[in-house]
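A short worksheet on the structure shown next.
The values are calculated or read from the model by the stated rules, or taken from the named source; none is laboratory data. All figures in this text were calculated on a predicted structure; none of them were measured in a lab. Ideal geometry is used to build each Cβ from the backbone, glycine not excepted, and the neighbour counts take in all protein chains shown.
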2 protein chains.
Amino acid sequence: MVTNGTTDSERCVSSRRVYEGRILNLRVDEVALANGRAAKREVVEHAAAVGVLALADGGRVLLVRQYRYAVGEETLEICAGLVEEGEDPREAAVREMQEELGVRPERLREIGRFFASPGFCTELLILFLAEGLTPSRLPQDEDEDVSVAEIPLEDIPIRMAEGAFRDSKTYAALAWLMAREGLRPQS
Amino acid sequence: MVTNGTTDSERCVSSRRVYEGRILNLRVDEVALANGRAAKREVVEHAAAVGVLALADGGRVLLVRQYRYAVGEETLEICAGLVEEGEDPREAAVREMQEELGVRPERLREIGRFFASPGFCTELLILFLAEGLTPSRLPQDEDEDVSVAEIPLEDIPIRMAEGAFRDSKTYAALAWLMAREGLRPQS
């Protein structure tokens with residue numbers, strides 16, 4: 001996920017590695033812009049992640065409720081997690097479903113891939129739709145504490161208008177699902 | 001946007017400030033989890049941002065094309081930018097539209113607010129729908145180089161299926177718009 005800084009648009013002149021950590025690294029690059037000016041680019045290097053829109057029979061969406069320390073809130077999100085070194089994103093998606101939701105899918109289809117915040121961060125999110133869910137559980141990560149919440153499909157527009165979905169991948173996934181199901185936004 | 005680390009869920013035991021920069025800061029906190037275990041939390045502090053889904057008369061969506069150094073790609077995004085210190089998000093949205101799109105809106109409505117990546121980053125994105133656009137231009141930021149692209153509403157589903165929208169806020173905004181307009185996903 002590290003950019004090479006050799007495109008015509010912005011050329012890397014020098015790079016300083018500020019931090020190398022557990023889930024992210026930080027570097028600060030000096031770049032030459034196409035117009036000849038110099039600029040500083042702060043870049044957070046972060047692994048790719050998967051997000052899974054899990055749709056159970058009967059039109060229920062499975063979400064996870066968890067405390068997010070960085071933002072100081074409990075959030076309601078689609079199942080998600082980092083893609084491990086060398087792991088296939090589809091395998092990561094199934095593993096995260098087993099860990100967080102206690103199910104695995106018969107059908108798993110990619111419906112999008114996008115950067116979380118391309119202005120400063122390399123994190124790519126690969127979004128899947130999972131259907132045909134059957135019970136299958138793996139233990140949760142030691143430092144995670146998530147619980148499952150079910151929301152009926154028809155409640156999504158009003159819950160979205162109320163601001164219940166507080167992260168970008170969940171808003172994106174549920175807006176996509178509303179479009180697929182012919183549900184109009186209420187906001 | 002700094003969390004105080006005093007909730008019951010995860011309590012901050014110690015905090016180390018690693019970097020203070022132009023658009024972001026990085027700190028590393030040691031926390032005590034609710035189950036008594038210790039964990040490390042890497043937190044990127046980042047200002048709030050606005051994103052504007054700009055819908056022109058005749059059903060054309062105005063997007064911006066720009067090179068994003070962090071991800072090494074040219075992207076097609078909704079108009080967006082950071083909220084400046086003390087600035088009202090609505091004012092930030094109008095300012096960014098004038099800088100990037102050369103228009104201002106008669107109607108501006110918030111349709112969502114969500115964190116870009118709540119696992120490690122404080123960035124909150126406030127999403128607006130802008131309609132009734134009239135020409136009005138402010139100079140672009142010195143280190144930005146963006147151009148405007150127009151996409152007809154009815155082309156959004158196929159462009160989304162092709163992977164044309166490579167960042168979370170743009171995917172989220174356009175999926176919302178598809179739901180509002182009764183357009184079904186093609187992916």
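Could you go through the stretch A:109-120 and let me know if any residue there is basic (Lys, Arg) and under 21 Å from residue A:182 (Cα atoms).
The answer is yes, given that some residue of the stretch A:109-120 is basic (Lys, Arg) and under 21 Å from residue A:182 (Cα atoms).
Being without any contact (Cβ under 8 Å) to a residue 24 or more places away in the chain, more than 9 Å from chain B (Cβ to nearest Cβ) and in contact with a strand residue (DSSP E or B) (Cβ under 9 Å, 6 or more places away or on another chain) is the filter; apply it to the stretch A:28-51 and report the residue that is nearest to residue A:123 (Cα to Cα).
Per the criteria, the residue is A:30.
For the stretch A:162-174, enumerate the residues that are touching a residue at least 24 places away in the same chain (Cβ under 8 Å) and within 7 Å of another protein chain (Cβ to nearest Cβ).
The answer is A:165, A:166, A:167, A:168, A:169, A:172.
Those residues that are in contact with a Lys or Arg (Cβ under 7 Å, 6 or more places away or on another chain) and facing chain B (nearest Cβ under 7 Å), I need them from the stretch A:17-27; list them, please.
A:18, A:22, listed by residue number.
Determine whether residue A:95 is farther than 30 Å from residue A:26 by Cβ and either surrounded by fewer than 17 Cβ atoms within 10 Å (Cβ to Cβ) or at pLDDT 95 or above (or both).
Answer is no for this residue.
Please verify whether the stretch B:60-74 includes one or more residues that are touching a residue at least 12 places away in the same chain (Cβ under 8 Å) and among the aromatic types (Phe, Trp, Tyr).
So far as the stretch B:60-74 goes, yes, one or more of its residues are touching a residue at least 12 places away in the same chain (Cβ under 8 Å) and among the aromatic types (Phe, Trp, Tyr).
Which of (1) farther than 18 Å from residue B:165 by Cα; (2) in contact with a Cys (Cβ under 9 Å, 6 or more places away or on another chain); (3) not aromatic (Phe, Trp, Tyr) does residue B:15 not meet, given it meets every other one?
Only one criterion is unmet by residue B:15, namely (2).
Taking the stretch A:160-179, which residues are buried (at least 17 other Cβ atoms within 10 Å of the Cβ), in a helix (DSSP H, G or I) and either not assigned by TED's automatic domain parsing to the domain that holds residue A:117 or not hydroxyl-bearing (Ser, Thr, Tyr) (or both)?
Answer for the stretch A:160-179, where residues must be buried (at least 17 other Cβ atoms within 10 Å of the Cβ), in a helix (DSSP H, G or I) and either not assigned by TED's automatic domain parsing to the domain that holds residue A:117 or not hydroxyl-bearing (Ser, Thr, Tyr) (or both): A:160, A:169, A:172, A:173, A:174, A:175, A:176, A:177, A:178, A:179.
Quick one: how many residues across the stretch B:122-180 are among the polar types (S, T, N, Q) and closer than 14 Å to residue B:62 by Cβ?
Residues meeting the conditions: 4.
Return the only residue of B:125, B:183 being assigned to a strand (DSSP E or B) and facing another protein chain (nearest Cβ under 7 Å).
Matching residue, one of B:125, B:183: B:125.
From the list B:119, B:102, B:112, which residue is in contact (Cβ under 8 Å) with a residue 60 or more places away in the chain, in the same structural domain as residue B:74 (by TED's automatic domain parsing), touching a strand residue (DSSP E or B) at 6+ places or on another chain (Cβ under 7 Å) and of a type in the set (Gly, Ala, Ser)?
Only one candidate qualifies: B:112.
Looking only at the stretch B:106-123, which residues are over 22 Å from residue A:81 (Cβ atoms) and surrounded by fewer than 24 Cβ atoms within 10 Å (Cβ to Cβ)?
Scanning the stretch B:106-123 gives B:106, B:107, B:108, B:109, B:110, B:111, B:113.
Just checking, which of B:92, B:39, B:54 is assigned by TED's automatic domain parsing to the domain that holds residue B:149, on the phi < 0 side of the Ramachandran plot and touching a helix residue (DSSP H, G or I) at 6+ places or on another chain (Cβ under 9 Å)?
Checking each option against the conditions leaves just B:54.
Of the residues in the stretch B:150-159, how many are surrounded by 17 or more Cβ atoms within 10 Å (Cβ to Cβ) and in a strand (DSSP E or B)?
1
Here is a check on your reading of the model: is residue B:72 modelled with pLDDT of 95 or more, on the phi > 0 side of the Ramachandran plot and touching a strand residue (DSSP E or B) at 6+ places or on another chain (Cβ under 8 Å)?
No: the conditions fail for residue B:72.
Specify which of the listed residues (B:54, B:80) is buried (at least 17 other Cβ atoms within 10 Å of the Cβ), in contact (Cβ under 8 Å) with a residue 60 or more places away in the chain and within 14 Å of another protein chain (Cβ to nearest Cβ).
Among B:54, B:80, only B:80 is buried (at least 17 other Cβ atoms within 10 Å of the Cβ), in contact (Cβ under 8 Å) with a residue 60 or more places away in the chain and within 14 Å of another protein chain (Cβ to nearest Cβ).
Looking only at the stretch A:134-161, count how many residues are farther than 19 Å from residue A:72 by Cα and either acidic (Asp, Glu) or touching a residue at least 60 places away in the same chain (Cβ under 8 Å) (or both).
11
If the Cβ limit is 7 Å and pairs must be 6+ apart or interchain, which residue in the stretch A:175-187 that is farther than 15 Å from residue B:112 by Cα and without any contact (Cβ under 8 Å) to a residue 60 or more places away in the chain pairs with which residue that is outside any helix (DSSP H, G or I) and among the hydrophobic types (A, V, I, L, M, F, W, C)?
A:179/B:183
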